[in-house]
Amino acid sequence: MNASTESRKKILLIYFSFSSQTNNLVLALVEGLEKYNIAVVRERLVPAEHLRFPIGSIRGTIRMMVATFFRKRFPIEPIDPHCFHDYDLIILAGPTWSYNPSGPVLSLLDQYGGRLFRGRLVLPLISCRGYWRAHWWGLKNLLQKHGARIVNVMVFSHPNPEPWRTIGVFLKLAGEVPEKKPWLAGKYRKYGHTQKQLKEAKRFGRLIGRELIAGGENLHQLNFDTEIARP
């Protein structure tokens, strides 16, 4: 390993993605980070029991929403030992489930919180329908409980107006195709994040990369609160 490789800034990007929306944001973010030759180690959380998307029924969707509202944990497979190496920044990414962090992310914090995050710089990335503030409040408290040094937050919300956004996501989870329902036409354009938002995630990656190269002292000043990310 040469000196230039050893001196590269390193990021651990640990995430859970249920419907691929967080995964799409992660891929775009990494593309932006790599423009600055940042070494990114990705760790995707894998539930111990398979979680089906879409859930496939209205009853199952309601049951899931109630359980996650009360912060039900979903056990995960052991994470790779490389997650405990030294990193210049940890990005923790995941979706909002009924106003809360997802069950696998909660399990990660329960099982590895202190060992993984204590004393580390952490930048959360939230993919959500729209109600992200309770998620952020709860996640921030849990991370701080485990000694994390939170530097900022990135939030991407689905770009559809309410109440159609909530209705559309519910139908999608239940196995329907809300975009093709005549009574939703023109009100619910698309499930999930847009290409414009993915380009914004890539831009955020470049911002983070540039700041890390400069020393990383001003990560808290980066502006992630944009009309594209949170329409």
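The values are calculated or read from the model by the stated rules, or taken from the named source; none is laboratory data. Please read all numbers here as calculations on a predicted model, not as lab measurements. These area figures cover heavy atoms from the full protein model, side chains too; ligands, DNA and RNA do not enter into them. Shrake-Rupley method; radii C 1.70, N 1.55, O 1.52, S 1.80 Å.
For Phe18, Phe224, give the ranking by accessible area with the largest first, probe 1.4 Å.
Sorted descending by solvent-accessible area, the residues read Phe18, Phe224.
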Open item on the list: With a 1.4 Å probe and all protein chains left in place, how much of the accessible area of the chain comes from carbon and sulfur atoms, in whole percent?
Closed with: 51
Task: Phi to ³J(HN,Hα) by Karplus 6.51 cos²θ - 1.76 cosθ + 1.60 over the range 53-65, Hz, x for Gly, Pro - done: 10, x, 4, x, 8, 5, 5, x, 5, 4, 4, 5, 5
Open item on the list: Connecting C-alpha atoms closer than 10 Å in a GNM of the chain, tell me which of Gly168, Gly56, Gly209 has the biggest fluctuation.
Closed with: Gly56
Task: Cα shape, the range 24-157, gyration tensor, a/c 1.5 rule - done: prolate
Task: Straight-distance crosslink candidates among lysines, where the alpha carbon sits under 20 Å from Lys187 and sequence neighbours closer than 8 are dropped - done: Lys172, Lys196
- [ ] Over the alpha-carbon set of the chain, divide Rg by the Kirkwood Rh and report the Rg/Rh ratio to two decimals.
- [x] 0.97
Open item on the list: Suppose accessible area is computed on protein heavy atoms with a 1.4 Å probe; arrange Arg165, Arg52, Arg71 from highest to lowest.
Closed with: Arg52, Arg71, Arg165
- [ ] Find the Rg to Rh ratio for the range 53-99, where Rh is the Kirkwood radius over alpha-carbon pairs and Rg uses the same atoms.
- [x] 1.12
Task: Per-residue ³J(HN,Hα) for the range 208-216, Karplus 6.51 cos²θ - 1.76 cosθ + 1.60, θ = phi - 60°, Hz, x for Gly and Pro - done: 5, x, 4, 5, 5, 4, 7, x, x
Task: 3J(HN,Hα) from dihedral phi, the range 151-166, Karplus parametrisation 6.51/-1.76/1.60, rounded to Hz, x for glycine, proline - done: 9, 4, 8, 10, 10, 10, 10, 4, x, 10, x, 7, x, 5, 4, 5
Task: At q = 0.14 Å⁻¹, base-10 log of I(q)/I(0) for the range 84-173 (Debye sum, equal scatterers on each alpha carbon) - done: -0.51
Open item on the list: Per residue, how large is the accessible surface of the chain? Use a 1.4 angstrom probe and give square angstrom.
Closed with: 50
Task: Candidates Glu217, Glu179, Glu31, ranked by Gaussian network fluctuation over the chain, Cα under 10 Å, top entry - done: Glu217
Open item on the list: Under 5 Å between amide hydrogens, which residues at least 5 positions from Trp97 or on another chain qualify, with H placed 1.01 Å from N in the peptide plane?
Closed with: Ser102
TODO: Would you rank Lys180, Lys140 by solvent-accessible area, highest first, keeping every protein chain in place and using a 1.4 Å probe?
DONE: Lys180, Lys140
Open item on the list: Nearest 5 percent is fine: what portion of the DSSP beta bridges confined to the chain is antiparallel?
Closed with: 10
Task: Proximal lysines to Lys140, defined as alpha-carbon separation beneath 25 angstrom and excluding residues fewer than eight positions away on the same chain - done: Lys9, Lys10, Lys72, Lys202
TODO: Taking every pair of alpha-carbon atoms in the range 15-86, give the share separated by more than 17 Å as a whole percent.
DONE: 60
Open item on the list: So for the range 117-160, considering every pair of alpha-carbon atoms, how many percent are separated by more than 17 Å?
Closed with: 32
Open item on the list: Quick check on the chain: helices-only [θ] at 222 nm, where DSSP H runs of length 4 and up contribute -39,500 (n - 2.57) each and the sum goes over total residues. Nearest 500, please.
Closed with: -12000 deg cm²/dmol
Task: Residue with peak Gaussian network fluctuation, the chain [Cα springs, cutoff 10 Å], from Asp88, Asp80, Asp110 - done: Asp80
TODO: List the residues whose amide H sits under 5 Å from the amide H of Arg42, counting only those 5 or more places along or on another chain, with H placed 1.01 Å from N in the peptide plane.
DONE: Leu13
